[in-house]
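The values are calculated or read from the model by the stated rules, or taken from the named source; none is laboratory data. Everything numeric in this text was worked out from a predicted model, so none of it was measured. Here the Cβ is made from the backbone with ideal geometry for all residues, glycine too, and neighbour counts use every protein chain on show. These accessible areas exclude ligands, DNA and RNA; they are computed on the full protein's heavy atoms, side chains included. Shrake-Rupley method; radii C 1.70, N 1.55, O 1.52, S 1.80 Å.
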Amino acid sequence: MKQVPVERNQTVRQQLLTLLEEDVLGVRELSQHLQITEKEVYSHLEHIERGVKASGKRLRVEPARCLYCDFVFEDRTRKKTPGKCPVCRKTRIQRPQFTIVSSST
Ligand SMILES: [Zn+2]
């Protein structure tokens with residue numbers, strides 16, 4: 001795997017932070033927008049999650065949701081996307097989405 005210079009890494013993370021402060025986005029959108037892999041997005045998100053606490057904000061995760069029956073994967077608010085719905089067994093799942101909000105909200 002290619003090594004990404006630290007400087008570029010920080011720039012990408014800053015951009016990611018800015019995007020999430022303005023919008024609610026999924027990992028796919030973020031990876032396309034920043035031209036990094038989804039794996040890299042997850043890695044940045046983990047750092048951001050810890051980092052924003054210091055400035056009184058938090059990373060809010062909108063849980064994955066089944067597009068057929070609206071089942072919400074409440075217990076899976078972390079980053080992994082479930083493969084299929086436990087209720088209707090369909091695989092059209094809205095993936096988790098991320099945004100940065102103030103801790104007080
Ligand atoms: Zn379902």
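Just subtract the alpha-carbon distance of T91 and C69 from 0.36 nm times their residue separation and send over the number in nm, one decimal.
Values: separation 22, 0.36 × 22 = 7.92 nm, distance 1.11 nm.
Length gained, T91 through C69: 6.8 nm.
Report the charge-dipole magnitude of the stretch 12-102 in Debye, nearest 20, computed about the Cα centre from +1 at each Lys and Arg Cβ and -1 at each Asp and Glu Cβ.
Working: 18 positive and 12 negative charges, 83 e Å.
Using Cβ point charges on Lys, Arg, Asp and Glu, the stretch 12-102 gives about 400 debye.
Given contacts defined as C-alpha pairs under 8 Å and at least six residues apart, what's the relative contact order of the stretch 12-102, whole-number percent? Write down the numbers at each step before the final one.
On the way: 131 pairs, mean separation 30.7, N = 91.
This gives 34 percent for the stretch 12-102.
What's the FRET efficiency of E38 with S102 using the Cβ-Cβ distance as r and R₀ = 25 Å, to the nearest 0.05? Walk me through the numbers on the way to the answer.
Details: r = 27 Å, r/R0 = 1.07.
So the FRET efficiency works out to roughly 0.40.
Could you rank T91, T18, T99 by how accessible they are, 1.4 Å probe, largest area first? Intermediate values should be presented prior to the final figure.
Values: T91 100, T18 60, T99 10 Å².
Sorted descending by solvent-accessible area, the residues read T91, T18, T99.
Taking amide hydrogens as modeled 1.01 Å from N in the peptide plane, which residues meet the under 5 Å criterion relative to G26, leaving out close sequence neighbours?
Those qualifying (amide H under 5 Å, at least 5 residues apart or on another chain) are F98.
Please give every one of the aspartates and glutamates within straight-line cross-link reach of K90, meaning a C-alpha to C-alpha distance under 19 Å, and leave out same-chain neighbours fewer than 8 residues apart.
D70, E74, D75
Tell me the accessible surface of K53 in square angstrom (1.4 angstrom probe, heavy atoms of protein chains only), to the nearest ten.
The accessible area of K53 comes to roughly 140 Å².
Tell me which of H47, Q32, C88 sits at the most positive position along the dipole axis of the stretch 12-102, charges placed on C-beta atoms (Lys, Arg +1; Asp, Glu -1).
Farthest towards the positive pole: C88.
Tell me the label-point distance for the pair E62, R28, using the 7 Å Cα-to-Cβ offset, in nm and rounded to one decimal.
1.4 nm
Along each of its three principal axes, how wide is the spread of alpha-carbon positions in the stretch 12-102, in whole angstrom units, largest first?
Taking max minus min along each principal axis of the Cα atoms, the stretch 12-102 gives 40, 28, 19 Å.
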